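The values are calculated or read from the model by the stated rules, or taken from the named source; none is laboratory data. Just so you know, these numbers come straight off a predicted model, no measurement behind them. Cβ: placed from backbone, ideal geometry, glycine included. Neighbour counts: every protein chain shown. What goes into the accessible areas is simple: the full protein's heavy atoms, side chains included, and nothing from ligands, DNA or RNA. Shrake-Rupley method; radii C 1.70, N 1.55, O 1.52, S 1.80 Å.
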Amino acid sequence: MRTLPPLTTAAAAAVILLLPTAASAQDSTGTVTVVHGIPDTPVDVYVNDELTLDDFQPGTVTDPLELPTGDYTFDLTAPDAADNADPILSADATLEADANVSAVAHLTEGGDPTVSLFVNDISTIDAGNARVTVRHTAAAPAVDILADGDVLVDGLANPDEAVADVPAGDYDLAVNAAGTDTEVIALPGTTLAEGMNTIAYAIGSLDDGTVDVLVQAIDGLHGDPAGVPAGNAGLVDTADSTLLAVALGLLGLASLGFAARRRPARDHA
Amino acid sequence: MATRVLAAVLGIAFLLVAAVLVVDRPVDVGQVDLSSPTTSGSRVAGATPDPTAASGPTANPDPTATPGPTAEPSPPRRLATARQGPAPTPSTAPTAVRDVPVHDARLADQAPPTVHVPDRLRLPALDLDLPVVAVGVDDDGQMEVPEDVGDAGWYRHGPTPGDPGNAVIAGHVDSRVQGLGAFHRLVDLQVGDRVEVTSDDGTTTWVVAGRRLVDKAALDPSALFRRSGQPRLVLVTCGGDFDGSVRSYRSNVVVVAHPV
């Protein structure tokens, strides 16, 4: 199992990367996935003043959008709005070349709507492993996340995330109120697929009883086995047979030589 | 006289055996193209759902099946500056500028992919009919190979036979404890020989296109285990020279078969 280095470092690096690069990255692109985690609130999403998602429903996620690098303004409006003149929410972001980010509309811990951007880890995953990213984007206090009864993430608060690589397989996941045995969500038999970053968002509001889990999957991050060790006895060793062939060949030549050399001796006798 | 004849006969016999040993090496035959380029009809990597959900009955469990140490929660990677208020240049077009596919993301609504795990490998030309088990990755990051030298192992994280990419099935050439493995006969497969793989949804039939002795140091795992491009069946075992100091063969015998 592997965990990411402390994410304070990662976050700082990401911010630096997002600083002025537009001049050198005219034809490069980044990837944006939009996640809707505000219950009961369909919205229209404008990207740089263009309506991009019409009537975007809570609980849904877009396919990854490949967008040119540069500065973006996301405006969320009521679904029947004529334009984005009076958005419910707005957010500015700079998209870096080859970055893979998720823009998430969600509730703060206090229950106010907001938009957060997260950078998705798309580095190669060791063969046989799965990556799980957990993002607390719900109006709820900090939580612990358990996998098969063991604490996987400790004290995760809105709007933090945690990332871990684990052996691929099915896990009984559970979300507990931090430091307690009080189960908020039970997710038995959750598949963490090999080579995939499974990104889980806790959304909704604990007080309103709308807490739910959304999933975004990024596949194709798999590594490959280093090799195929399929023999340890040397029973079909071709080096052996080469030596044997050479030895037999020499023995054969020697025997023939011996037979030939005896002939003159016998003729004289 | 008798000694001379005996020496001559022995000499010829030794030379013949030596010649047979030289000729009987597992020479490369046919066409082996592991990294077949993505072509029409194939899907890109990532399109195939993961097969781990339905491992075979004797699949080796992952060696470290419990999550490790606790991952530390992090401060937010927030890159946006939230602000309230009207945007500067309102648009007047209420229709979306592009069609962005959106899907339901609730965890409870996600259906796990169905995987048809191969369970039987037939090589009629060698009169072999082997059980196939699903295998993963060992502690050293190498492909697991079934303990039983009579079994074949299908790499369960890669494509199933017939899906885009290389379906990799490996078996032991030998074992110190069990002796020769069924796959030691892989070197006898010839171009054109048929191969059949059975799973719970039917049988796929393949024809051998080539066989190679590949130096392990030169093996390209991303080519051998590719998950996109033309469907291929790849049979793998060990062969070539044996390094007694590390109890390992220096090469892999790789057989590539194409779908019929």
Regarding residue A:55, is this residue assigned to a strand (DSSP E or B), on the phi > 0 side of the Ramachandran plot and not aromatic (Phe, Trp, Tyr)? yes
State whether one or more residues within the stretch B:104-118 are within 17 Å of residue B:237 (Cα to Cα), open to solvent by less than 50 Å² (accessible area, probe 1.4 Å) and assigned to a strand (DSSP E or B). no
Given the criteria in a strand (DSSP E or B) and either within 18 Å of residue A:236 (Cβ to Cβ) or open to solvent by 20 Å² or more (accessible area, probe 1.4 Å) (or both), does residue B:214 qualify? yes
Residue list for the stretch A:187-223, filter: more than 7 Å from every other protein chain (Cβ to nearest Cβ), assigned to a strand (DSSP E or B) and open to solvent by 40 Å² or more (accessible area, probe 1.4 Å): A:188, A:189, A:217
Assess whether residue A:121 counts as being in contact with a helix residue (DSSP H, G or I) (Cβ under 9 Å, 6 or more places away or on another chain) and surrounded by fewer than 23 Cβ atoms within 10 Å (Cβ to Cβ). yes
Among A:86, A:75, which is the only one that is more than 23 Å from residue B:101 (Cα to Cα) and modelled with pLDDT of 90 or more? A:86
Quick one: residue B:149 ticks every box in (1) at pLDDT 95 or above; (2) more than 22 Å from residue B:136 (Cα to Cα); (3) among the aliphatic types (A, V, I, L, M) except a single one, so which number is it? (2)
Scanning the stretch A:224-244 for residues that are open to solvent by less than 20 Å² (accessible area, probe 1.4 Å) and at pLDDT 95 or above, the one farthest from residue B:150 (Cα to Cα) turns out to be A:225
Does the stretch B:189-210 contain at least one residue that is facing another protein chain (nearest Cβ under 10 Å), among the polar types (S, T, N, Q), surrounded by fewer than 23 Cβ atoms within 10 Å (Cβ to Cβ) and not in a strand (DSSP E or B)? no
Have a look at A:235, A:248, A:244, A:253 and point out the one that is at the interface with another protein chain (Cβ under 8 Å from one of its Cβ atoms), under 30 Å from residue B:236 (Cα atoms) and assigned to a helix (DSSP H, G or I). A:244
Could you tell me whether the stretch A:156-170 includes any residue that is more than 7 Å from chain B (Cβ to nearest Cβ), under 30 Å from residue B:228 (Cα atoms), buried (at least 22 other Cβ atoms within 10 Å of the Cβ) and in contact (Cβ under 8 Å) with a residue 40 or more places away in the chain? yes
Kindly check whether there is at least one residue in the stretch B:236-250 that is of a type in the set (Lys, Arg), within 12 Å of chain A (Cβ to nearest Cβ) and under 30 Å from residue A:126 (Cα atoms). yes
